[in-house]
Amino acid sequence: MSRVLPVLTVIAAIILVWYVAAIGMNAQWAKDQAARADTTLTTGELIADTLSQDRPVLPAPHQVAAGLWDGLAGQKITSRRSLVYHAWITLSATMAGFAIGSLAGIVLAVGITHSKVMDQSVMPWAVASQTVPILAIAPMVIVVFASVGVTGLLPKAMISAWLSFFPVLVGMVKGLRTPDAMQLDLMRSWSATRSQAFWRLRLPSSMPFLFASLKIAVAAALVGTIVGELPAGATSGLGARLLSGSYYGQTVQIWSALFTAAALAAGLVMLIGWIERMTLRRMGLAK
Amino acid sequence: MTALPIIAVWLSAWGLNAWLARFDTRLTRLLVALIFGATILILWEMIVRAYGVPSVILPAPSQIWASFMANTSILWVDFVQTILKGALTGWVMGALAAIATAILIDRSPFLQRGLLPIANFVAALPIVGIAPILVMWFGFDWQSKAAVVVVMVFFPILVNMVAGLAATDAMQRDLMATWSAGYWQSLWKMRMPAAMPFLFNGLKITTTLALIGAIVAEFFGSPTRGMGFRISTAVGQLDLPLVWAEILVAAIAGSLFYGIVALIEKRVTFWHPSQRK
């Protein structure tokens, strides 16, 4: 409970700063409009105007909230104006990519811990692959897939799979190697086979590492999907919402898409955290 | 039949690696990694040639290299615009701001309890999404890209730096107190050095983030140069070898950037257990 008060204070401060900034940044437009109409605004009118513009430089918090409410609850969820619809498009590609990426990471990690050749040849390149800003390749991946007739969910999922694969690989390799020599020797003294040692010792002891990586990976997968939606002229998904908002100067639309994406990321991370707690409790590892 | 030489190359390279891996020295480790990388390049080239894959789908490494050599001046201009001006400026500014904020937060337990959960939360959000807003505010040139990078690198560095400043234990702090060291003395001589491994962890994570932020922000509007601009226009003209050449530049720049930070880390935190041989 000792956290609630400080967090609330900081959030209140952020909202206050946001309002002040909104007034400051939108004032120029309001003044220009008034000058064009040959009227002068009182301070009160000026503030009221800055907080209710159609296309503000910085929309005020209540405008974003109204935009969010309209997008989430004000439309039919199948409508193209509904944020639920766009969020679902993004979420489905994210989940598909996350599943592919984390499975690939786990499989490769198992191979790396069991084969010296794979460890020495694959691992350095897996590390090097991360210096390629994959998001730069996003437009190309999408164009390539489109040219062979694959569009929609799969190309975006490939990008998020690539992004979520590496954290899982690194975490899982670390996790599978946590059992120390003593424990491995104990398994050997029970004449356990390699697969028994894997299922009964290595895999369980890697779980805390796996979940820590999965949380990072799911957030990365969402970023991958959103960026994958940006450049290829996609018309649905939160990334496309951001892009069309930026084309037409619809700032409220950008901000509501941004907040939906943030909520989605937070929700996914919390979901993984919940599964983690459940699993660790059943394994008797809960703190 | 065209698949036979490809499989033969793959199997022989794998066999060579399997044989080399048994020695497990520094040299063979390097060799194994190099052979693996070279094998992928050779297989890639062979597959593209043997099956006549159109360069629109996947250009061969030789075509990419030719495009790289033919367009060095364009690539250099893009490199300066995106990496040096956008990514690097933003990264330095973001890192300095994060370190300063961390020291401020560190003085106030109230702020620490209030700001840290929010910073942790923000660090996990898709911050790239703010790119259209910042491009709208700061214009199309590199300033808006640097602004995106500042916001993207700020929170990971902040979270790491705050953890680093808290890394000293009570015994060490008491020792400083018995020497009657003031706040600034103990900050400068004890807690800053102790925070360095954490700080560099954050700095290393954010090197790739900086590149990504600068490139992605260019999709929302840029002058007629820059890597993001070039990638999106070259894709439009189906000039895939040029796109891959840009990716090659990004990969080299990313590795160098990471490598330089890691090298500085080695110099600064030579005392840390993780640096021991």
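Using C-alpha pairs under 8 Å with a sequence gap of at least 6, the mean separation divided by the residue count of segment A:4-58 gives a relative contact order of 43 percent. Under the simplified labelling scheme, the B:Tyr183-A:Leu203 pair shows an inter-label distance of 5.4 nm, with each label point 7 Å from Cα along Cα→Cβ.
Look at the stretch A:118-128: the mean tally of other chain Cβ atoms within 10 Å of its residues' Cβ atoms is 6. The chymotrypsin sites (Phe, Trp or Tyr not before Pro) found in segment B:156-188 that occupy coil by DSSP, while having at most 13 further C-beta atoms within 10 Å, are B:Trp179. Ordered from highest to lowest accessible area with the whole protein assembly present and a 1.4 Å probe, A:His62, B:His272, A:His86 read as A:His62, B:His272, A:His86.
Entry note, chain A: relative contact order of 22 percent, from Cα contacts under 8 Å with a spacing of 6+ residues. With a 10 Å cut-off around each Cβ of B:12-21, the average count of Cβ atoms from other chains is 3. Each Lys and Arg adds +1 at its Cβ and each Asp and Glu adds -1 at its Cβ; summed about the Cα centre, segment A:83-282 shows a dipole of about 540 debye.
Put simply, the Cα atoms of segment A:220-277 extend 44, 23, 14 Å along their principal axes, the longest span coming first.
For segment B:129-277, the residue among B:Val135, B:Val149, B:Trp179 whose Cα projects farthest onto the positive side of the dipole built from Cβ charges is B:Trp179.
Across segment B:45-58, computed HN-Hα scalar couplings (Karplus, 6.51 cos²θ - 1.76 cosθ + 1.60, θ = phi - 60°) run 4, 5, 5, 4, 5, 5, 9, x, 5, x, 5, 5, 8, 8 Hz from first to last residue, x flagging Gly and Pro.
Applying both filters, DSSP loop and at most 15 other Cβ atoms within 10 Å, to the chymotrypsin sites (Phe, Trp or Tyr not before Pro) of segment A:179-287 gives A:Trp190, A:Tyr248. Rounded to the nearest 20, the Cβ-based charge dipole of the protein assembly as shown about its Cα centre (Lys and Arg +1, Asp and Glu -1) stands at 1660 debye.
Full extension of the chain between A:Asp38 and A:Asp54 yields a length gain of 3.7 nm, computed as 0.36 nm times the residue separation minus the alpha carbon distance.
Note: segment B:3-53, Cα convex hull, 45 Å³ per residue. For segment B:104-146 versus segment B:155-226, the spacing of their alpha-carbon centroids is 15 Å. Taking all Cα pairs closer than 8 Å and separated by 6 or more residues, the relative contact order of segment A:132-287 comes to 26 percent. Selection among A:Val117, A:Trp274, A:Ala221 by position relative to the dipole of the protein assembly as shown gives A:Val117 as farthest towards the positive end (Cβ unit charges, Cα centre).
Evaluated over chain A, the count of Lys pairs having alpha-carbon atoms less than 23 Å apart is 5 (only pairs 8 or more residues apart or interchain). Ordered from highest to lowest accessible area with the whole protein assembly present and a 1.4 Å probe, A:Asp185, A:Asp49 read as A:Asp185, A:Asp49. Cross-link partners of B:Lys85 among lysines, defined as those whose alpha carbon lies under 28 angstrom from its own and excluding same-chain residues fewer than eight positions apart: B:Lys145, B:Lys204, B:Lys266.
Assuming charge only on the beta carbon of Lys and Arg (+1) and of Asp and Glu (-1), the dipole of chain B about its Cα centre is about 720 debye to the nearest 20.
Backbone geometry of segment B:92-103 corresponds, through the Karplus equation with coefficients 6.51, -1.76 and 1.60 at θ = phi - 60°, to 3J(HN,Hα) couplings of 5, 5, x, 5, 4, 4, 5, 5, 4, 4, 4, 5 Hz, x marking Gly and Pro. Give me P(r) over segment A:83-282, computed from all C-alpha to C-alpha distances, binned every 5 Å, as integer percentages. Taking every Cα pair in segment A:83-282, the percentages come to 1, 8, 14, 17, 16, 14, 11, 8, 5, 3, 2, 1, 0, 0.
Counting only protein heavy atoms and using a 1.4 Å probe, the accessible area of A:Leu169 comes to about 0 Å². Spin-label pair A:Arg282-B:Val92: with each label point 7 Å from Cα along the Cα-Cβ axis, the two points sit 5.3 nm from one another. Under Stokes-Einstein, with the Kirkwood radius over Cα pairs as Rh, the value for the protein assembly as shown at 4 °C and 1.567 mPa s is 50 µm²/s.
Working from label points 7 Å from Cα in the Cα-to-Cβ sense, the B:Ser108 to B:Met69 distance is 6.0 nm.
The values are calculated or read from the model by the stated rules, or taken from the named source; none is laboratory data. Since the structure is predicted, the reported quantities are computational estimates derived from the model, not experimental observations. Positions of Cβ are backbone-derived with ideal geometry, glycine not excepted, and every protein chain shown enters the neighbour counts. We work out accessible area using only protein heavy atoms, side chains counted, and drop any ligands, DNA or RNA first. Shrake-Rupley method; radii C 1.70, N 1.55, O 1.52, S 1.80 Å.
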